[in-house]
Structures are given as structure tokens and as C-alpha cells.
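S.K.: My questions all concern the structure below.
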Amino acid sequence: VFNRFRNFLMKNIGMDPIRLVSSEPPYIITFSPSNSRDPDRRIRYNKQTTALEKAFKDEISRGDVVVRSVQFNAIPIEEQVKKVAESAIIVGTCGGGASTNMFLPKGAGMILYYPDKPSGRGHNYPARLDWDYFNNAGYARVHWLPISEKDSEEDVDLFVKLVKNEIETISHH
């Protein structure tokens, strides 16, 4: 149902929906940094992008893997949708800035960081924004990682392994 809704929205703004993520390179890994007004979710992915650039050095030089950051809140909606729809994997933070993730193609991977501690004024519990939607978006593989430890060496290594597994999965569908 969510994929049909996604396709309807894309057609409604004059775009032809890509039905499946391509199993052929280039595999585009799109980071969505600092797209929230909430300081707890306004995060950067410097360690993650650096680790991917190191892990995929040869693939990047051949053009088989592209690692990019997109400031979605600074570009028109049509361009946002296009950039998400051409991505094999998108990495971002849950919340309003993740709403364009719904335009991922079928079979793509999504890595969402979430606040795992109370998130400020009036929030005595961790926010679980987007939890229900993305957990039920069966057209994409969704992975949830906590913000609080995202920059630890162990979690950055885990992140790289997760991305490698996603590309392996996409390349064999």
C-alpha cells in the first residue's frame, strides 16, 4: 500500500516512479545531514562518510559506488524526490526531514538514526518519530540505529558492515 501511495505521489508531481532499485552499479548512498530544527536530531555523518569512503575506495574510484550528502531542506521538492528515488541506500535521522525517504525505490535500504534518550523540553522519553510508517514500508529494508553512540568506533564499523550488506543484497535481487 505504501509503495502504491509513493508511486501515486511521484506521478502527481510529474515524475515517472522507478519501480525497483537497480541491481547494477552505481550504488548511490545518500546522506541527509542536519535536516531537523531539533538539536537532538540535527546531526552530521562525518565519521560515517569518511569510513565509507575508505571502505569503498576502489568502488568509488571506478564509479560503482557514490557517497553523497544532500541538504534536502535547501532544494525544491521535485529535486528531493529525484535524489531519493535514485538512491540505493539513504541515511538520515527520523523526524520530518525523513519524510522524503518514502520515495526510495522498491528494494532500497534505509538507515535511520533515532534519539534514544529524552529529547528536550516536554520530552521525558525518547522520540519514536516515523517508527510506525517506516516499519511498515515493506518496499524498503529499514534499519534503526541510536544517535547516542553513532560515532563510537564500534558503531561506525557496524554501520560500514551494514552498508556493505545492503549493497550485497541489492546487487543480488
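S.K.: Which whole number of Å³ per residue matches the convex hull of the alpha-carbon atoms in segment 56-122?
M.R.: Spread over its residues, the Cα hull of segment 56-122 gives 129 Å³ apiece.
S.K.: How would you order 7-14, 163-170 from highest to lowest mean count of nearby Cβ atoms within 10 Å?
M.R.: Output ranking for 7-14, 163-170: 163-170, 7-14.
S.K.: Leaving out ligands, DNA and RNA, what percent of the accessible area of the chain is carbon and sulfur, probe 1.4 Å?
M.R.: Of the solvent-accessible surface of the chain, carbon and sulfur hold 51 percent.
S.K.: Something else now. Among Val67, Ile89, Tyr45, pick out the residue whose Cα is farthest towards the positive end of the charge dipole of segment 45-89, where Lys and Arg carry +1 and Asp and Glu carry -1 on C-beta, about the Cα centre.
M.R.: Tyr45
S.K.: Determine ³J(HN,Hα), in whole Hz, for all residues of segment 21-26 in sequence, where each value follows from phi through the Karplus function 6.51 cos²θ - 1.76 cosθ + 1.60 and θ = phi - 60°; x replaces Gly and Pro.
M.R.: So the Karplus estimates, Gly and Pro as x, are 5, 5, 7, 9, x, x Hz.
S.K.: Amide H of Leu145 versus every other amide H placed in the peptide plane: which residues, excluding those fewer than 5 positions away on the same chain, fall under 5 Å?
M.R.: For Leu145, whose amide H was placed from the backbone, the distant partners under 5 Å are Leu112, Tyr113, Tyr114.
S.K.: A further question follows. Please work out the average accessible area per residue across the chain, using the 1.4 Å probe convention, and give it in Å².
M.R.: 53 Å²
S.K.: Separate question: Decide, for segment 40-82, between rounded, prolate and oblate: order the square roots of the alpha carbon gyration tensor eigenvalues as a ≥ b ≥ c, take rounded if a/c falls under 1.5, and otherwise choose prolate if a/b is larger than b/c, else oblate.
M.R.: Oblate, because a/c is 1.5 or more while a/b does not exceed b/c.
S.K.: Still on this model: Please list, short to long, the whole-number percent of alpha-carbon pairs of the chain in consecutive 5 angstrom bins beginning at zero.
M.R.: The percentages, shortest bin first, are 1, 8, 18, 21, 22, 16, 9, 4, 1, 0.
S.K.: Now a separate question. Ranked from highest to lowest mean number of other Cβ atoms within 10 Å per residue, what is the order of the peptides 138-150, 85-97, 65-77?
M.R.: Listed from highest to lowest mean packing, they are 85-97, 138-150, 65-77.
S.K.: Further, regarding this structure: What is the set of long-range amide H partners of Tyr27 at a cut-off below 5 Å, with H atoms built 1.01 Å from backbone N?
M.R.: It is Val65, Val66, by chain and number.
S.K.: Take every Cα pair under 8 Å in segment 1-108 that's 6+ residues apart, average their separations, divide by the length, and report that relative contact order as a whole percent.
M.R.: Over segment 1-108, the number comes to 39 percent.
The values are calculated or read from the model by the stated rules, or taken from the named source; none is laboratory data. Everything quoted here is computed from the prediction, not taken from an experiment. FYI the Cβ positions are ideal-geometry reconstructions off the backbone, even for glycines, and counts take in every protein chain you see. The area values use the complete protein model at the heavy-atom level, side chains included, leaving out ligands, DNA and RNA. Shrake-Rupley method; radii C 1.70, N 1.55, O 1.52, S 1.80 Å.
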